[in-house]
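For reference, the structure is listed below as structure tokens.
The values are calculated or read from the model by the stated rules, or taken from the named source; none is laboratory data. None of these values were measured; they are calculated from a predicted model. With ideal geometry, Cβ positions are generated from the backbone for all residues, glycine too; neighbour counts draw on all protein chains shown.
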Amino acid sequence: MGLLESISRWRPWKARAKVDGIPFEELQNRYSEDANATYKEFIRRLHQLIFYAASEYLERTKGRRRQEEIENIVIGIFEEFSPQFAIGSPDKILVRFAQVIRNQLDDKAFRVIAALFYKQIPIYHLSDEGERRLLAAVYEEGLSTPMKVLADRFKMTVKDVENGLTKANSNLCSVMQRDFESGELKEMTEGYLS
Amino acid sequence: MTVVDSKKEIRTVNREELARLGFSPKDIDAAENMEKLGLFEMEPSADLVERTIARCIPRLKQDLKHEIVPAEPEPAIAILGRQPCVSPVFDPMSLGQGYFAALKGMPSALRTSAEWNELSVFQGLQQACLTTVHFARSRHDRPVLMLDNHNLLEPAWWGHDTGFRAFWNACQIVNKMAAESGVPLAACFVVLRPRLFDYSEEDLATIDQMLRKGTGDVWWIPYDKAGPYKALDLIVFGEERILGLREKPRSPVQALEGFLETRDEHVVRQVRREMTSLTKLASNIRLGGKLSATAAANVGTVAGIRNLMENVMSKEAAVAR
């Protein structure tokens, strides 16, 4: 019976939770049902970080940074990944995507965003929708979003945003220990998280 | 054409503030590095997501071949004229066709709406149940294992709540398919309440009905023998997932919404093994689709169920003495 008590991966039973709230490793399961909406959600979550990586790459390799050029690279990365999205282990979806980013840019460009990119995995395990949305937004935007901007966007006070983020970060630590077995997170994130 | 936000936000990484809010130093370092590289000076256009998905759509694997396309509908009056008025009202085949047709025509926004999510939560149990048939056939093992805890879920809910009834019905369908394939049926381990008078007349009537009409294998476990299972309600679907309740819900709706889920295959397999060993603690009520002799002698009336329950409880009391 110790086993039942030790089940660590209980999640709320949402047979079909909203696509913007499901963990990355469960997005693939939704693909057969609505490929466009699922992939669009994947793009929504990651496009900004990919934009930053592409921007770093262009500046470093070509000495210039143009909006249109950066965005064409972003689109190209998602385009290259689209046929692979539904193929392969759902747990490794971001590892596979990272490989495509490296193909189109290089490892150095990926490293610039890697820590924030992989943090998205446990963030989507937060059960509180408000906390999850706040923290996901901050990480998507490179921890650079002013509190006032977040408050306006989520129609909250700055104080509530700060409290929400503090709680979210605290719960994220528990989620990383509770929802993932030893070594699992490391494998899902190429060792960036453990 | 790209659309750039006219109201540009000034982005900056505030190390002290982020640390105070609990962000990890490693993540703050990464963000500071991005700022140092000048990456926050330019932001993606507001329509970048839309333009990206538009470019990706042709490359996404669209596998719609298996969707059921309903036939051209006949005029309703013609159908009604031919149909005798029979119960049940719903023909499962046409209902299924209608469901898939509605799903096909449903806009993406609606599929992600709160209403659709709500509908899906209540449909989820029976869908999860039906999908266990493949597991049962391929592994020659029980499709579903249940720990139905009378101390957490009111037995009467199985009789009058449509969500519970739908799930119970899905279990009967799965059992029929399992029986046709010669594989073991779903097993239900029922944790009884401590005392007979803890049950209402409605509870006992529902239990009677389920024993008479059900098909799966059933064991009853006296409360005192249930050990740690006293406070749990579990449904194990194949080797795919376990749903569990650890607190007593106030209503059937709260129960269906309150299930927690685990999908760790290793854990599911172990829980299946542990639950199967519960047969040693329990009295068998129905096996292989047949009621035990004692159960058969008692079902049919509330008094009989009371007698059967007393029998199981007193057997435990006798052992304890």
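Details
- From A:Val149, A:Val138, residue being part of a helix (DSSP H, G or I) and surrounded by 21 or more Cβ atoms within 10 Å (Cβ to Cβ): A:Val138
- Residues that are more than 10 Å from every other protein chain (Cβ to nearest Cβ), of a type in the set (Asp, Glu) and under 19 Å from the mean Cα position of the chain (by Cα), drawn from the stretch A:104-142: A:Asp107, A:Asp128, A:Glu129, A:Glu131, A:Glu140
- Put simply, of B:Thr215, B:Thr262, B:Thr301 the only residue that is surrounded by fewer than 17 Cβ atoms within 10 Å (Cβ to Cβ) and not aliphatic (A, V, I, L, M) is B:Thr301.
- Scan of the stretch B:268-298 for residues that are surrounded by 19 or more Cβ atoms within 10 Å (Cβ to Cβ), aliphatic (A, V, I, L, M) and outside any strand (DSSP E or B), ordered by number: B:Val268, B:Val271, B:Met275, B:Leu278, B:Ala282, B:Ala295
Residue by residue, here is whether (1) crowded, with 20+ Cβ neighbours inside 10 Å; (2) of a type in the set (A, V, I, L, M, F, W, C); (3) under 12 Å from the mean Cα position of the chain (by Cα); (4) under 16 Å from B:Val236 (Cβ atoms) holds:
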residue	(1), (2), (3), (4)
B:Thr131	no, no, yes, yes
B:Ser138	no, no, no, no
B:Val144	yes, yes, yes, yes
B:Leu147	yes, yes, no, yes
B:Asn151	no, no, no, no
B:Ala156	no, yes, no, no
B:His160	no, no, no, no
B:Ala166	no, yes, yes, no
B:Ile173	no, yes, no, no
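- Looking only at the stretch B:213-225, and only at residues there that are farther than 17 Å from B:Glu154 by Cβ and not in a strand (DSSP E or B), the one that is farthest from the other protein chains (Cβ to nearest Cβ): B:Lys213
- Test: residue in the stretch B:191-212 that is farther than 17 Å from B:Arg165 by Cβ, of a type in the set (D, E, K, R) and part of a loop (DSSP other than H, G, I, E, B): yes
- Restricting attention to the stretch B:22-42, the residues that are among the small types (Gly, Ala, Ser) and in contact with a helix residue (DSSP H, G or I) (Cβ under 6 Å, 6 or more places away or on another chain) total 2.
- Flag for B:Leu245 being within 14 Å of another protein chain (Cβ to nearest Cβ) and more than 17 Å from the chain's Cα centre (by Cα): no
- For the stretch B:236-246, the count of residues that are hydrophobic (A, V, I, L, M, F, W, C), surrounded by fewer than 22 Cβ atoms within 10 Å (Cβ to Cβ) and either touching an Asp or Glu at 6+ places or on another chain (Cβ under 9 Å) or part of a helix (DSSP H, G or I) (or both) is zero.
- Of everything in the stretch A:143-194 that is aliphatic (A, V, I, L, M) and over 23 Å from B:Asp29 (Cα atoms), the residue that is nearest to the chain's Cα centre (by Cα) is A:Ala151.
- Residue selection: B:Val253 satisfies the criterion of being among the aliphatic types (A, V, I, L, M), within 14 Å of chain A (Cβ to nearest Cβ) and surrounded by fewer than 17 Cβ atoms within 10 Å (Cβ to Cβ).
- Which numbered condition B:Leu260 fails, given (1) in contact with a strand residue (DSSP E or B) (Cβ under 9 Å, 6 or more places away or on another chain); (2) touching a residue at least 24 places away in the same chain (Cβ under 8 Å); (3) of a type in the set (A, V, I, L, M, F, W, C): (2)
- Of everything listed in (1) over 24 Å from A:Asp128 (Cβ atoms); (2) modelled with pLDDT of 80 or more, the single unmet condition for A:Ser32 is (2).
- Restricting B:Ala205, B:Ala186 to those that are of a type in the set (Gly, Ala, Ser) and either surrounded by 22 or more Cβ atoms within 10 Å (Cβ to Cβ) or at pLDDT below 90 (or both) reduces the list to B:Ala186.
- Filtered residues of the stretch B:260-269 (kept if at the interface with another protein chain (Cβ under 7 Å from one of its Cβ atoms) and either at pLDDT 85 or above or under 17 Å from A:Ser182 (Cβ atoms) (or both)): B:Thr262, B:Asp264, B:Val267
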